[in-house]
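The values are calculated or read from the model by the stated rules, or taken from the named source; none is laboratory data. Note that the structure is a prediction, hence the values are computed from the model and not measured. Note that we place each Cβ from the backbone using ideal geometry, even for glycine, and neighbour counts take in every protein chain shown.
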Amino acid sequence: MKKVDKRELYDSFNEMGQQTQVLLEQIELIKYEMTRVIEKNAELEIENQHLRERLHELEDKKKTSNETGLSKSRQNLEKLYEEGFHVCNVDNMYGSRRINDEPCVFCQDVIYGERR
């Protein structure tokens, strides 16, 4: 068995303490970032729920609008939308294909939303 010098033992112990401090700082940083991610996720879940509710409202308006009739221009926009294209101008999406024909609340607002 090798005999360890007291100075080497102290230096090793001191180095382990420094490494432990660095590790604790990294853990705190990860903990902070994880908290931010969890908070953002909760915020996005709430926003998603509000958008679903708004989409449901717009779909209800669509049913009502179809019963009462749309203007010719809105009927044309509705036809383009039903064929799978964006009719909103959010992020210059007008005319681009909707991915997997997913609903777009902005397009539906253009077609069925109220005008002032």
Return the residues of the range 76-113 that are in a loop (DSSP other than H, G, I, E, B) and hydroxyl-bearing (S, T, Y); say none if nothing qualifies.
Y94, S96
Can you find a residue in the range 77-84 that is surrounded by 18 or more Cβ atoms within 10 Å (Cβ to Cβ), among the hydroxyl-bearing types (S, T, Y) and modelled with pLDDT of 90 or more?
yes
K72 is checked against (1) modelled with pLDDT under 90; (2) within 19 Å of N100 (Cβ to Cβ) and fails just one. What number does that condition carry?
(2)
Here are some conditions: (1) closer than 24 Å to N48 by Cβ; (2) part of a helix (DSSP H, G or I); (3) at pLDDT 90 or above. D60 meets all but one. Which one does it not meet?
(3)
Tell me, yes or no, whether the range 21-41 has at least one residue that is hydrophobic (A, V, I, L, M, F, W, C), under 30 Å from V105 (Cα atoms) and out of contact with any strand residue (DSSP E or B) (no Cβ under 6 Å at 6 or more places or on another chain).
yes
Where a residue in the range 43-60 is among the aromatic types (F, W, Y) and its partner, wherever it lies, is surrounded by 11 or more Cβ atoms within 10 Å (Cβ to Cβ), with Cβ under 6 Å and at least six apart
none
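Can we say L29 is touching a Phe, Trp or Tyr at 6+ places or on another chain (Cβ under 7 Å), surrounded by 10 or more Cβ atoms within 10 Å (Cβ to Cβ) and in a helix (DSSP H, G or I)?
Numbers: touching a Phe, Trp or Tyr at 6+ places or on another chain (Cβ under 7 Å): no; surrounded by 10 or more Cβ atoms within 10 Å (Cβ to Cβ): yes; in a helix (DSSP H, G or I): yes.
Considered against the rule, which asks whether it is touching a Phe, Trp or Tyr at 6+ places or on another chain (Cβ under 7 Å), surrounded by 10 or more Cβ atoms within 10 Å (Cβ to Cβ) and in a helix (DSSP H, G or I), L29 comes out as no.
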